[in-house]
Each structure stands twice: as C-alpha cells, then as structure tokens.
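Engineer: Encoded as structure tokens, here's the structure I'll be asking about.
The values are calculated or read from the model by the stated rules, or taken from the named source; none is laboratory data. Since this is a predicted model, take the numbers as computed values, not measurements. With ideal geometry, Cβ positions are generated from the backbone for all residues, glycine too; neighbour counts draw on all protein chains shown. Keep in mind that these areas ignore ligands, DNA and RNA; they rest on the heavy atoms of the full protein, side chains included. Shrake-Rupley method; radii C 1.70, N 1.55, O 1.52, S 1.80 Å.
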Amino acid sequence: MDLIKVVEQAFANEKVASYPKFKAGDTVTVTYRIKEGDKERLQKFKGVIIQLRGASPATRTFTIRKVSNGIGVERIFPFASPFIDSIEVNKYGRVRRARIFYLRELSGKKARIKEKKIAILNEENA
C-alpha cells in the first residue's frame, strides 16, 4: 500500500462522513473553532461555495465566498479539519459550472444565484 494513503487514513476524520452533501453554488454556514490565546470560541462563516477541490476526503477542500461591508472575502476550508464544528446547507443553488469564479466580478443583484427547488416529502405522504 502507498505510504501517503496510509498516512491519510490515519488522519481521516469521522465527522467528514456526517457532513451534508453540497456543491458549487450552494450557500452554507460553516461553524469553526478559533483559538485566541488560551480561549476557544465558535465563529460562523456564511457564504456561497465557489469551488470544491481534491479527490480523497483527506485532501479535499472547499472555498466559500461572502461579501462583508462591500469587500469580497474568500476562505478555504479543508474537509478533514479538526477545527470545523459543523456545516449547514442554507440554500441549494442552481449553477451550470463546477467553479463559479465569475462571481468575483459581479456585485449586487447580478451576483445572486437562483435557488434549486427541492421536493420535501412529508412523513404522512411517504
């Protein structure tokens, strides 16, 4: 077996399997832990996923973009990061590309992404 794969499996995070399925164009909220000195707190980062990279969960990353006070902010999160507390999908977007870097040049209403309509089945009708 390849030595790199052995190391990746040793550091594999069990929480990765519990993350919801998402792709480029989806709006997500990532709650992650920040250490400041000896204190630790949770902070939320909400934005649109502009790309997913990597094949295996150990090397996989996703980039989130948000606009804060008129300035675009992007942050790259590794899937297997121990600092990620939770990931929540707020909206499923409908885009035609896997990497939506064109959002960087857009602002205002042009930067909106259409929402994908998902049928929700009630337990009574199932």
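Engineer: Tell me the label-point distance for the pair L42, K21, using the 7 Å Cα-to-Cβ offset, in nm and rounded to one decimal.
Structural biologist: 2.6 nm
Engineer: Moving to a separate point now. Which value, in debye to the nearest 20, gives the size of the charge dipole of the chain about its Cα centre, when Lys and Arg are +1 and Asp and Glu are -1 at the Cβ?
Structural biologist: The calculated dipole for the chain is roughly 880 debye.
Engineer: Additional query: Report, in listed order, any pair from K21/K114; K39/K116; K35/K109; K44/K117 with a Cα-Cα distance greater than 29 Å.
Structural biologist: K39/K116; K35/K109
Engineer: Go ahead and estimate [θ] at 222 nm for the chain from helices alone: -39,500 (n - 2.57) per DSSP H run with n ≥ 4, summed, over the residue count, rounded to 500.
Structural biologist: Numbers: 1 runs with 8 residues, N = 126.
The helix contribution divided over the chain gives -1500 deg cm²/dmol.
Engineer: So, one more: Relative to the present Cα-Cα distance, how much length would full extension add between V7 and E74 at 0.36 nm per residue of separation?
Structural biologist: Computed gain between V7 and E74 is 21.2 nm.
Engineer: Continuing with this model, one more query. Using a 1.4 Å probe on the protein heavy atoms only, what accessible surface does I113 show? Give it in Å² to the nearest 10.
Structural biologist: 40 Å²
Engineer: Further question on the same structure: Given the Cα-Cα distance of K117 and R99 and 0.36 nm per residue of separation, how much length would full extension add, in nm?
Structural biologist: 4.4 nm
Engineer: Let me ask another. Under the rule of at least 5 residues apart or a separate chain, name every residue whose amide H is placed under 5 Å from the amide H of G93.
Structural biologist: Counting only residues 5 or more places away or on other chains, the set is D26, T27, K116.
Engineer: Under the definition of Cα pairs under 8 Å and six or more residues apart, what whole-number percent is the relative contact order of the chain?
Structural biologist: Dividing the mean separation by the residue count of the chain yields 27 percent.
Engineer: In addition: Scan around V67 for amide H atoms under 5 Å from its own, H built in the peptide plane at 1.01 Å from N, and keep only partners 5 or more places away or cross-chain.
Structural biologist: For V67, whose amide H was placed from the backbone, the distant partners under 5 Å are V73.
Engineer: Could you give each residue of the stretch 56-72 its phi-based ³J(HN,Hα) in whole Hz, using Karplus coefficients 6.51, -1.76, 1.60 with θ = phi - 60°, and x for Gly or Pro?
Structural biologist: Those phi angles translate into 8, x, 6, 9, 6, 9, 9, 10, 10, 10, 9, 10, 10, 6, x, 10, x Hz.
Engineer: Ignoring ligands and nucleic acids, what accessible area does E74 show with a 1.4 Å probe (Å², nearest 10)?
Structural biologist: Rounded to the nearest 10, that gives 70 Å².
Engineer: Oh, and also: Taking R0 as 35 Å, what FRET efficiency do you get between S56 and S107 from their Cβ-Cβ distance, rounded to the nearest 0.05?
Structural biologist: Here the calculated transfer efficiency is 0.45.
Engineer: Just to make sure I understand: if all protein chains stay in place, what is the order of L103, L52 by accessible area at 1.4 Å, largest first? Intermediate values should be presented prior to the final figure.
Structural biologist: Details: L103 15, L52 40 Å².
Ranked from most to least accessible, the order is L52, L103.
Engineer: Same structure again: Working with all protein chains in place, sort R75, R96, R65, R112 by solvent-accessible area computed with a 1.4 Å probe, largest first.
Structural biologist: Ranking R75, R96, R65, R112 by accessible area, largest first, yields R96, R112, R75, R65.
Engineer: Okay, moving on. Quick one: 3J(HN,Hα) in Hz for the stretch 101-107, Karplus 6.51/-1.76/1.60 with θ = phi - 60°, rounded, Gly and Pro as x.
Structural biologist: 6, 5, 5, 5, 8, 8, 8
Engineer: Which of the following values of Cα Rg over 2.2 N^0.38 Å was calculated from the structure shown: [x] 1.02; [y] 1.58; [z] 1.22?
Structural biologist: From the options [x] 1.02; [y] 1.58; [z] 1.22, the structure gives [z].
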